[in-house]
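A quick write-up on the structure given underneath.
The values are calculated or read from the model by the stated rules, or taken from the named source; none is laboratory data. What you are looking at is a predicted structure, and each value in this text was computed from that prediction instead of being measured. Neighbour counts are summed over all protein chains in view; Cβ atoms, including those assigned to glycine, are modelled from backbone coordinates with ideal geometry. Note: areas computed on protein heavy atoms with side chains; ligands, DNA, RNA excluded. Shrake-Rupley method; radii C 1.70, N 1.55, O 1.52, S 1.80 Å.
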Amino acid sequence: MNRRAALKKIWHAIVAAGAGSFLTFDDLLAADARPDKRINLVWLHASSCSGCSCSFLNIEYVSVLDILSKFTNLIYHPDLSLATGDQVTNLLDKVSSNGTPYVFVLEGAIPVGMPHACLMGDQPITHWVEKVGSKAMASVGLGTCAVFGGITRMKNMETGSLPLDAFYAQKKIRQPVVNLPNCPIKPEHLVYTLLHYVHKGRFPSVDNKGRPLKFYERTVHEQCIFYADFQ
C-alpha cells in the first residue's frame, strides 16, 4: 500500500469519527508531512480491565497504530510500548520533569482508599497520576471507570476509587480534562478528541460532565428513529 492509499484509509476513520467537519484530507496530508506538529501522548492504566485499550485497538477501517503514529508521538502505553520495569518509571520521571509538552490519557479508576491495589514500580498509581497528570497540557479520562469510577466505586467497595476529574480536584490540579465514558469506550470518540486537540490546540466543547457535546448533547432516546412515537 502506497502512502496516499494508507492516508485514505486513515481519512475514512477520521470521517467515521466525525472529525471530517474540521479536518480536511489536505490537512491530513500536511500533518503527515509535519511530524513536528504531532502531540506527545502518555497513557496509563489505573484500576481497569484494559477493555478500553482493547476497544481502541479494534477500531474499524484502519490500524490504530497508523492513527497514533501519524498524529501523535506515543511516549508510553502499557499494552503497546516495549518498555518494562525501570525503563517505564524512568521514562515517566523524565517526561514529567523536563518540560516535555504532552497529553495524558488515563484508563481506569484511581483507588485512593486502597493505594496498594494498583502499583507501578513499587509506587501506587495515585503517585503516577498526580505526577504525570499535573505536568500535562491536558488530560483525557478514558472509559466509565476513569470518568465515573466504575465497578470499583460501587457502594461498600473498599478501594475508595475516584474518577480522574475528582482526583484532580482533590489534589488541586487545574488541568483541562475531557471525559469519554462508555464501557468500553467508542474508539471514534477518542480519535475525534485527539484530532480536535491536534488541529485546534484545545479539546472540543463539552457538557457539564466534561463530555464532548458532539457525542453527548442528545440522549440515545432522542436519537431513536421511533422517538416521535413517544411525543
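Along Cα→Cβ, 7 Å out, is where each label goes; now give me the distance between the ones at residue 229 and residue 73 in nm to one decimal.
Spacing of the two 7 Å Cα→Cβ label points: 5.4 nm.
Stick to the Cα atoms of segment 39-156, pair each with every other, and give me the Kirkwood hydrodynamic radius in Å at one decimal.
It works out to 14.8 Å.
Can you give me the solvent accessible area of residue 159 with a 1.4 Å probe, rounded to the nearest 10 Å²?
Using a 1.4 Å probe on the heavy atoms, I get roughly 20 Å².
Have a look at segment 142-231 and give its Rg and Dmax from the Cα atoms, expressed in angstrom.
15.5, 48
Are there any GluC sites (Glu not before Pro) in segment 173-227 that are in a DSSP loop and have at most 11 other Cβ atoms within 10 Å? List them by number.
Sites meeting the loop and neighbour criteria: 222.
Which entries of 70/155; 94/171; 70/172; 94/155 show an alpha-carbon separation above 31 angstrom in the structure shown? Let's see the in-between values first.
Numbers: 70/155 42 Å; 94/171 21 Å; 70/172 34 Å; 94/155 38 Å.
From 70/155; 94/171; 70/172; 94/155, over 31 Å: 70/155; 70/172; 94/155.
Applying the Karplus parametrisation 6.51 cos²θ - 1.76 cosθ + 1.60 with θ = phi - 60° to the phi angles of segment 108-118, what ³J(HN,Hα) value in whole Hz is obtained for each residue in order, glycine and proline being reported as x?
Along segment 108-118, the couplings run x, 7, 10, x, 5, x, 9, x, 6, 6, 9 Hz.
Counting only residues 5 or more places away or on other chains, whose amide H sits under 5 Å from the amide H of residue 143 once H atoms are built in the peptide plane?
Long-range HN contacts for residue 143: 180.
Using DSSP to call loops (not H, G, I, E or B), can you name the GluC sites (Glu not before Pro) in segment 75-180 whose Cβ has at most 12 other Cβ atoms within 10 angstrom?
158
Which sequence of 174, 211 reflects their accessible areas, 1.4 Å probe, from the largest down?
Values: 174 200, 211 45 Å².
Of 174, 211, the descending order of accessible area is 174, 211.
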